[in-house]
1. Against the longest alpha carbon principal axis of the chain, how many degrees, from 0 to 90 and to the nearest 10, is the axis of helix 277-290 turned?
2. At 0.36 nm per residue, minus the direct Cα-Cα distance, what do residue 245 and residue 221 gain on full extension? Give it in nm, one decimal, please.
3. Give me the percent relative contact order of the chain, please, defined on Cα pairs under 8 angstrom at least 6 residues apart.
4. For n ≥ 4 DSSP H runs only, could you compute -39500 (n - 2.57) per run for the chain, divide by its residues and tell me the 222 nm figure to the nearest 500?
5. Take every Cα pair under 8 Å in segment 228-302 that's 6+ residues apart, average their separations, divide by the length, and report that relative contact order as a whole percent.
6. Output the antiparallel fraction of DSSP beta bridges having both residues in the chain, as a percent to the nearest 5.
7. What does the highest-first list of 51-57, 275-281 look like by mean Cβ count within 10 Å?
8. What is the distance, in nm, between label points placed 7 Å from the Cα along the Cα-to-Cβ direction at residue 291 and at residue 92?
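Read-outs throughout are calculated quantities, based only on the coordinates presented, and are distinct from any laboratory measurement. Predicted model only: the values in this text are computed from it and were never measured. Every residue, glycine as well, gets a Cβ built from its backbone with ideal geometry; the counts of neighbours run over all protein chains shown.
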Ligand SMILES: Nc1ncnc2c1ncn2[C@@H]1O[C@H](COP(=O)(O)OP(=O)(O)OP(=O)(O)O)[C@@H](O)[C@H]1O
Ligand SMILES: [Mg+2]
């Protein structure tokens, strides 16, 4: 029987009074791009640090390709690559020196070394900067170099913790297409992300994590279609000092409509979940008109992963949580 590439069972980890992981279980299939999607402080990096043998859990089981991570960390390290969320580059080395160092570290055959280094530099958009010292790089350039270093040896399983954090739009796209290419070559990718679009675009399977717990798991398409509803977002004109009260009045009014399944306030926006956008939209506009509430914008859409998150956690993705730094 083939093992899943990653198997986690009831993983627990606390830092003093802070519960970072509160019984996380998940499996990652070979050859897939798996996304761990969650807001700041959800427990993504903690999960990856345990999987990459850098942090010991308080409890639970963790396996990589059938090997127990706690019992045989050396073997596990030979199976994985890891690009951490925080920068690891050395300010006094050049970009090329970094890549040579990593190529050495991973015993890359000399014959392919130069072409791999060139390819990695081109991919992340650092071609032409290979002989500059990293201390003269911008933050984005350092991040790109980090990514190039972590990908150079092409391990069967790679952990990417927020790979596109702080990158500009074009480089993000390049990084995405490179991740898809890794998958085509048979690499399994474990990706932590804060970005809905990244999860939606890249991941075969997604686990949504919040406050150290997996809220829900599935393919992005299945997660969205499970909701069986559309969403209408209403924003009231922001120059209005009674905005808050008006939003509440509107929420009360639309909640009475038969077509409305639920409402959630997300900042100064009211999200209204409905069976069908087409039927509900005129009714919501009419409710606002009756209450003489000035609407700034009203938009409607099929549910996205942010609605999935909201549905399973009870709060909006971007909402500030207390209790973490
Ligand atoms: N070394 C540490 N010491 C104390 N608390 C920690 C430590 N590392 C993480 N935490 C706490 O554990 C929780 C989970 O942190 P983690 O870094 O896993 O979150 P994350 O999902 O990766 O967040 P982000 O999106 O901001 O990177 C947070 O409350 C964080 O403050
Ligand atoms: Mg993190």
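1. Between the helix axis and the principal axis of the chain, the angle is about 50 degrees.
2. Gain on extension, residue 245 to residue 221, equals 5.0 nm.
3. 19 percent.
4. Calculated from helices alone, the mean residue ellipticity at 222 nm is -11000 deg cm²/dmol.
5. On the way: 122 pairs, mean separation 36.6, N = 75.
Reported as a whole number, the value is 49 percent.
6. Taking every DSSP beta bridge with both residues in the chain, the antiparallel ones total about 70 percent.
7. 51-57, 275-281
8. Result for the modelled spin labels: 6.4 nm.
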